[in-house]
1. Quick one: go through segment A:136-158 and flag any residue whose amide nitrogen is under 17 Å from the point 7 Å out along the Cα-to-Cβ line of residue A:108.
2. Using only the alpha carbon atoms of segment B:2-245, find the Kirkwood hydrodynamic radius as the inverse mean reciprocal pair distance, in angstroms to one decimal.
3. Let me check against my output: what whole-number percent is the relative contact order of chain A, with C-alpha pairs under 8 Å and at least 6 apart?
4. How would A:221, B:195 line up from fewest to most surrounding beta-carbon atoms within 10 angstrom?
5. In what sequence do B:94, A:298 fall when counting other Cβ within 10 Å, fewest first?
6. Just the number, please: percent antiparallel of the DSSP beta bridges in segment B:2-245, rounded to the nearest 5.
7. In degrees from 0 to 90, rounded to the nearest 10, what is the angle of the helix B:178-190 Cα long axis to the longest principal axis of chain B?
8. Shielding by partners for B:77-83, please: the mean number of other protein chain Cβ atoms within 10 Å of each residue's Cβ.
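Please treat every number below as a calculation from the coordinates, not as lab data. Keep in mind the model is a prediction, meaning the values are calculated, not measured. So basically every Cβ, Gly included, is an ideal-geometry build from the backbone, and we count neighbours across all protein chains shown.
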């Protein structure tokens, strides 16, 4: 889809935007202007050096506007836990209240569609929406800001602990074909609030579409948010997702990105440690095969002193898949006593798979403890022989060792039902897939 | 049970085994001794099917079948077990999972159903006692962070659970203190039956005080230079290997393999 097509879409969209609060339109106009200036990124752009957005820029998409034929039973493979979970379901970009369940939340906790929250004029939305993910984040966030139609709004008031995870499930089906969707999600955890939010992007069948979600996460003083992101898009889909958190003092943000789907995916996970004593954990696992391209960019910005950040990303690449990891840790001059650790380990199962990994530390404070490292390797031949010498077939031995490599990072997820579900997905990801070139 | 005839094997251009012939019958314990670099471990690994070694000539049959034609997993399924000199660490896979997967693979190859998990747990707990291991070991990742002695015991635990017909112990005694050595030897002895056989590869005689061999073979320079009864081990302990190695053809030198 050309830039011009999106500009035209905005013109039509703005003309029809009567149901939105008046403050939003200028924000959208500024964003589409920014998108016009930037255009789609090219590989000359440093952050897009290893990932070409051309397949998205050159495709012809129409605005995705709901439809779809998704029944409650269709959701079963994508849900976690039990009926006690709050779940918002979006089918082809539109909120599906019949498939959603918002019962049983503690008082004053709000989980709603963003479109509903905007119409109601919820103050937290007005205050926070677009405050974190701005046009500084580049063309895709600008495009999302200009064109988002719906998404989720989660507000956990001060001192409230939400016991069960909240699942935001974005599902595409055959009706998503040739569509582009820009879901926008805002998560606000006021001071000392606690919640676990799972954001899933999944598909039924293999439609080709473009999903461009943006999520903003606001953590007040002492707030604790676990934010798990599950990307299992259709194998023909394009996914460019951005998540930006902002952490006040003593807050804890724990992010996990699990990415196995889409033909081309780019996931940006960003957080800012803006108040002293904050803690950020950014973990992730990507598993790709065939001709999939899976890119993760992370950025941890240490602005305040005495903050800690930990990051472990693992990648497993088979077939002719291409993985990209670019992890940035910025330590500002005021951020003394920063403790940062970043690791990226990759396992290549095939001679045609490859990965570009670039952990980056930029430190402007002098009293910090920061380490980073990256590895790229193959399955250990001796370990394979060991397993085979105990009776495991060569393929089973490879699958088991691959799973063991991946499981290590999945096991860091605290929420048991999600951990178990992702362990199963990781175990089954390459079963039956070609693992040529090993052994 | 095992018939090796004029076996030559090596890595790349380097020949390590230079014509080994050995016959092991059911119910027997054979000890293979020899100095470092003599090819003891290579022989053990070749028998288990290590893909890093190439067999250049000679034959090895197991129950009359061409052993060398089988991939490692089929050798294991047919009852061959190698206790590794350096057991491999596998982070992310628990001992319990690994034991059960291996056990059921071997059952499956015989056309048997998987064992009921509860029944299997009982079996493992009984075998744990045999090697004096803590049940906590089951929930730990395979050999990951284990001490040297724990790894060796874990090998014998696997052997005890899988119940091989031909067990090959590759320097299982190295690095063990005397108590651990006794435990390991007790485990091996308890598993002896008239229809299975054991090959004990060792540098030292002391393990053979506990696992008493029927035959002792001295390997040097990739060949068996002397065979005898259990007294040969005592003689080696007293006299060392030099008197045999000097009598052997050239080509003994070479790093430990």
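1. A:154-158
2. With all distinct Cα pairs of segment B:2-245 included, I get 18.4 Å.
3. That works out to 9 percent.
4. B:195, A:221
5. Ascending Cβ contact count within 10 Å gives the list B:94, A:298.
6. 55
7. 80
8. 2
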